[in-house]
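Below: the structure, in C-alpha cells.
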C-alpha cells in the first residue's frame, strides 16, 4: 500500500477511535466460586449487545487486540492461565488481511486460584483489557477492574459447617468519597479532608448560597462558530484545483438541453442536497458510540501522542498543498462510485455527488482534517461540533452548485481556471504549517517539557509568514507554479496583508505591561512559558494553588472564598481568559487579593504518589483508576459539579459551600466581573 494510503487509514482509525461519548455495548458480572480443597475460580461474565463482539485471547497477531484477563490479591495464588468459554467465531477479515477470532452474545473468562492462608481474608481483584467491535466500528480498547472479598474461615467451626462469604468491594465510590459533613456553617470547624476522597458532601450546585451575578450555568459549545468555520472551509475548498474546474462542467450537465431545463434544475438542487448529506454523514461515526467515561474528551484532546500525531499529519497536509505529492483515495473506490452513477435517477445523482466528494479529496482532505483536529482537541462535544462543521462545509458546496444551476448565466462571471488556484493551495499549505505548531505546543505543555517557549513559537510563525510573503510576491516557487507567471495585483494585496501580519507578530516578541497578540490567544503558549520568565513564576504575578485541598487549608487560614478554576494545559479558552480577562484592571485585584485561586489542571499527566492513587466506582461494578493528577481533578469536577468542560469557574466557601452559580467557557470581562464581585461580596457580608 502506498505511503499516502497508510496515512489516510491511520487518520480514519484515529478519527473513529476518538468519537467520544461511546456507548458501552458490553456488560460484565464478576463472581468467585469455591471448587473445594482451597481451590477457587474467578469468573467474569460478559454480555454483549446484538451485533457487537469481543476478541478472543487466541486472536492471531496483527489482526486486532486480544482480550487479556488476570487476577491479583493479597492472599491468592493464580494457578494456570485463564480460559474462555462461549460461542467462538472464526472468520477471515479483509480489513486485517487475516483470520479474526471473537465471541458474540456472551462469553466467560475464568482464572483458577488458591488461597495462601485459608484462615485469612482475601481480596480478589480481576482486571480485563478488551476491545469491542461491530461490523462498522471498533471502540477504543478498555480496561476495567472488579473486586470481591473472601472472608476468613472460622477455625473453630466443624469442617462441614465452614462457610464463605463473598461481598462486593470498591476502593472509592463517588457517592461515598468523603465523610458525611452536615450543617456546615462558616463558623463550624470542618472535618479534615482526605485527598483520596473526591466527592465533597457539602457541595450542592443545585442550591447555591445566592443567585446574584450569574444566570444558571451557561454552556457554549460554539456550534454556530464551527458551522461558519465549516462554511468558510468549504468556500476555500471550492477555489482549489481539485474542485473549481468541476463547477461549470457539473452545472452545465444539469442545465443542458432546452426541453429538460426544469428537470435539470431540479436534479441540480437534489445534487446539492446530496452533497450536503454526504458531508453530514461523515460525522455519523462520531455519534454511533456513546457512554465512555465522561472525561474521555479531555483524555483524547490532551494526549501527548495524539497531538504529536496531528502535528505530523498537518506537516503531511502542508506538503500536499505545496505540491510535492497528492493525498488520494484508492482508485478502486473512485471507480466503483463512478460506475454507480450509471444507475440513473435519484440514485445516480447521489453517486455523482459521492464521486465529486471522493475525487476532490486531494484538496478537501487536509481542510477537513484541520476541522477535525480543531474539534477533537478543542471541545468536550466532538461529535456535535463535527456535525456542524461538516454541515457548514457541505452547505457551502450545495449553495454554489444549486444557485449556479438555477442561474446558469452566473457561470460567466466566475473567474477562469488558472494558476491562481495553485496559489490558493500553497497559501493553505503555509496555514497548515502554522496550525501544526499548535499541536506540537499542546504536547509540549501537557508533557511539561516546556521546550517550545512563547517567543520561539512566535519566531516560527514569523518565519512561516515571511515564507508566505515571499511566495505571494513571486520570490519563491513550488512544483506546480508557472515559472513565468505574472504576479497579479490580488497576490500583491495579500502579500501586503502578510507584511502587516508579520509586523503584528514581531511586536509580540517584546514584553509589555499587558498581554499582546490577542488574536492568537489560546494558540500561543501561556505567558509564563517564556524565555523572559520561569514557568513556575505563576500567572500575572499570581501563584495559584494546584491542589484543592491545600487551597481549602489556605482559605480557612486567610478567611477568603476559593475560586476553583478547572483548566488544562491544552485549553485554548482558558488561555484567552487568563490573558485578556483576568488581566483587566477590574478583575486582577479581585483575583490577587479577595480569593484563593485554585487552578486544577484536568490534563496533568503527572503520576500521583502511591498513597494517593485510588479507584472510583462508576456505578456498574467497574472501577476507574485515578493514577494521575489530571485523573483526580477531572473526576473531582464531574463528581461535584456534574461538568467536564474547561474553563469552569466555581466560587466556594472554605467549608465547601457553593456561593453562586458556576460559569463556564470564555466570557466577556463584564460578565466575569459580576460573577466574582457577587460571590466575594456575599461571602464578605457573612464573615
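Annotations for the structure displayed:
- Every listed requirement among (1) modelled with pLDDT under 85; (2) surrounded by 14 or more Cβ atoms within 10 Å (Cβ to Cβ); (3) closer than 29 Å to residue 609 by Cβ is met by residue 132 save one, (3).
- Residue 469 free of Cβ contacts under 8 Å to residues at least 60 places away in the same chain and assigned to a helix (DSSP H, G or I): yes
- Flag for residue 476 being over 26 Å from residue 577 (Cβ atoms), free of Cβ contacts under 8 Å to residues at least 60 places away in the same chain, in contact with a helix residue (DSSP H, G or I) (Cβ under 7 Å, 6 or more places away or on another chain) and surrounded by fewer than 16 Cβ atoms within 10 Å (Cβ to Cβ): yes
- Counting only residues that are part of a helix (DSSP H, G or I), in contact with a helix residue (DSSP H, G or I) (Cβ under 9 Å, 6 or more places away or on another chain), modelled with pLDDT under 80 and surrounded by fewer than 17 Cβ atoms within 10 Å (Cβ to Cβ), the stretch 303-335 holds 2 of them.
- Qualifying residue in the stretch 555-570 (condition: part of a helix (DSSP H, G or I), within 34 Å of the chain's Cα centre (by Cα) and modelled with pLDDT of 90 or more): yes
- Selection status of residue 439, over 30 Å from residue 585 (Cα atoms), touching a helix residue (DSSP H, G or I) at 6+ places or on another chain (Cβ under 6 Å) and surrounded by 21 or more Cβ atoms within 10 Å (Cβ to Cβ): yes
- Residue in the stretch 640-661 that is within 25 Å of residue 27 (Cβ to Cβ) and either in a helix (DSSP H, G or I) or under 22 Å from the mean Cα position of the chain (by Cα) (or both) present: yes
- Cβ-Cβ distances below 6 Å connect no pair with a first residue in the stretch 660-687 that is free of Cβ contacts under 8 Å to residues at least 60 places away in the same chain and at negative phi, a second residue that is surrounded by fewer than 22 Cβ atoms within 10 Å (Cβ to Cβ) and part of a helix (DSSP H, G or I), and a separation of six or more residues or different chains.
The values are calculated or read from the model by the stated rules, or taken from the named source; none is laboratory data. Keep in mind the model is a prediction, meaning the values are calculated, not measured. Cβ atoms come from the backbone with ideal geometry, glycine included; neighbour counts cover every protein chain shown.
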